[in-house]
């Protein structure tokens, strides 16, 4: 069953609880900056467990201490859904940086 698309107002409301996240095109996006490569990779491993538990996987990249995350839902045409908001919230709960 496809995920329900969120309207722009719903996305903006969700962003009020997601510090540093932005609605960028058809994604929710955030750049996490850690103190080291080791911290960045450890965040990615822990975040990967959250993503796998939801069967919802981010588009992300890592360069040294930075992890760039982009979320959208493929079965909703690559648009933002409640699944993206929930995964962003889970990432925020486990992150120790803004």
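The values are calculated or read from the model by the stated rules, or taken from the named source; none is laboratory data. This one's a predicted model, so the numbers in the text were calculated from it and none came from an experiment. A quick note on method: Cβ atoms are made from the backbone with ideal geometry, for glycine too, and the neighbour counts reach across all protein chains shown.
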Exactly one condition in (1) in contact with a helix residue (DSSP H, G or I) (Cβ under 7 Å, 6 or more places away or on another chain); (2) closer than 17 Å to residue 6 by Cβ is not met by residue 29; state its number.
-> (1)
Taking the stretch 45-64 on its own, how many of its residues are surrounded by 17 or more Cβ atoms within 10 Å (Cβ to Cβ) and either touching a strand residue (DSSP E or B) at 6+ places or on another chain (Cβ under 6 Å) or on the phi > 0 side of the Ramachandran plot (or both)?
-> 2
Hey, can you tell me all the residues within the stretch 16-29 that are under 14 Å from residue 87 (Cβ atoms) and without any contact (Cβ under 8 Å) to a residue 60 or more places away in the chain?
-> 27, 29
Only one of 76, 14 that is crowded, with 18+ Cβ neighbours inside 10 Å and modelled with pLDDT under 95 = 76
Could you look through the stretch 41-82, keep only residues that are in a strand (DSSP E or B), in contact with a helix residue (DSSP H, G or I) (Cβ under 6 Å, 6 or more places away or on another chain) and touching a residue at least 40 places away in the same chain (Cβ under 8 Å), and pick out the one that is farthest from residue 5 (Cα to Cα)?
-> 71
Residues in the stretch 19-36: is at least one surrounded by fewer than 20 Cβ atoms within 10 Å (Cβ to Cβ), in a helix (DSSP H, G or I) and more than 10 Å from the chain's Cα centre (by Cα)?
-> no
